[in-house]
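The values are calculated or read from the model by the stated rules, or taken from the named source; none is laboratory data. Not measured: the values here are computed from a predicted model. Neighbour counts are summed over all protein chains in view; Cβ atoms, including those assigned to glycine, are modelled from backbone coordinates with ideal geometry.
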């Protein structure tokens, strides 16, 4: 009987230890879920060969997202919905309409064969509509983004490249952030995205403004041309965003875009706001 009592004692002790931890875990899950809201990318598949994968990238309320969707696992032939669960509050911003956001999707069919070619992609941008109901953006529904980029790419293949930069393996994106209307900003995140690659930088605004003559911050991001979904090419669209609670109103996150037009030297400065 002593042995049986000992077993009961051990089991009781284990249940006392584990049960509070289980409760804590459940409550933590609910708390995290309550602090998020969905942004949905509706990706059309009717013009896409069901081969390879789609990389989806997004920047929403100061938060970067990347997800790869294997097309062999998709049953639907018309569209898929990719949901990004965004934190309502971070130590940088509190998400609220009309914060700007963007989502891009890249279709990679055969990475070895397509590495140096111009792969099919689309981007969409918009404003955050609500933190209580989903904001939705559609991709691969019109072809304006890809067609414009492909024209620039095709022209680059016919032109004689600058010998100084034709073999450069770097893409430099120069982002500027005018803050003459927000001189008291304390901290700020700058982001750049090209070909599914995202880089971010936190900036001490007051320290940077001390170096500026016109209340404008400058950040140059350096990307390797060779990415895990193929080489960055002339014509590839890139985005720059800036996020800070001090930018409200009207928006805690603002974004702008442009196409890659050269390698090895910084792009023409792109104002993020």
Legend entry - Verdict on residue 62 being surrounded by 13 or more Cβ atoms within 10 Å (Cβ to Cβ), at pLDDT 50 or above, in contact with a strand residue (DSSP E or B) (Cβ under 9 Å, 6 or more places away or on another chain) and closer than 30 Å to residue 272 by Cα: yes
Inset, instruction - Provide a single number: the residues in the stretch 224-256 that are out of contact with any helix residue (DSSP H, G or I) (no Cβ under 8 Å at 6 or more places or on another chain), farther than 30 Å from residue 98 by Cα and assigned to a strand (DSSP E or B). - result: 4
Legend entry - Matching option when the condition is in a strand (DSSP E or B), surrounded by 13 or more Cβ atoms within 10 Å (Cβ to Cβ) and either in contact with a helix residue (DSSP H, G or I) (Cβ under 9 Å, 6 or more places away or on another chain) or at positive phi (or both), among 190, 177: 177
Inset, instruction - Please name all residue pairs, on different chains or six or more residues apart, with Cβ atoms under 9 Å, provided the first residue is in the stretch 99-116 and is under 30 Å from residue 246 (Cα atoms) and the second residue is in a helix (DSSP H, G or I). - result: 104/145
Inset, instruction - Inspect the stretch 243-256 for any residue being surrounded by fewer than 20 Cβ atoms within 10 Å (Cβ to Cβ), under 23 Å from residue 117 (Cα atoms), at pLDDT 95 or above and touching a strand residue (DSSP E or B) at 6+ places or on another chain (Cβ under 9 Å) and give the result as yes or no. - result: no
Inset, instruction - Please tell me if residue 179 is touching a residue at least 12 places away in the same chain (Cβ under 8 Å), farther than 16 Å from residue 236 by Cα and more than 26 Å from the chain's Cα centre (by Cα). - result: no
Legend entry - In the stretch 117-150, the residues that are part of a helix (DSSP H, G or I), touching a residue at least 12 places away in the same chain (Cβ under 8 Å) and surrounded by fewer than 15 Cβ atoms within 10 Å (Cβ to Cβ): 148
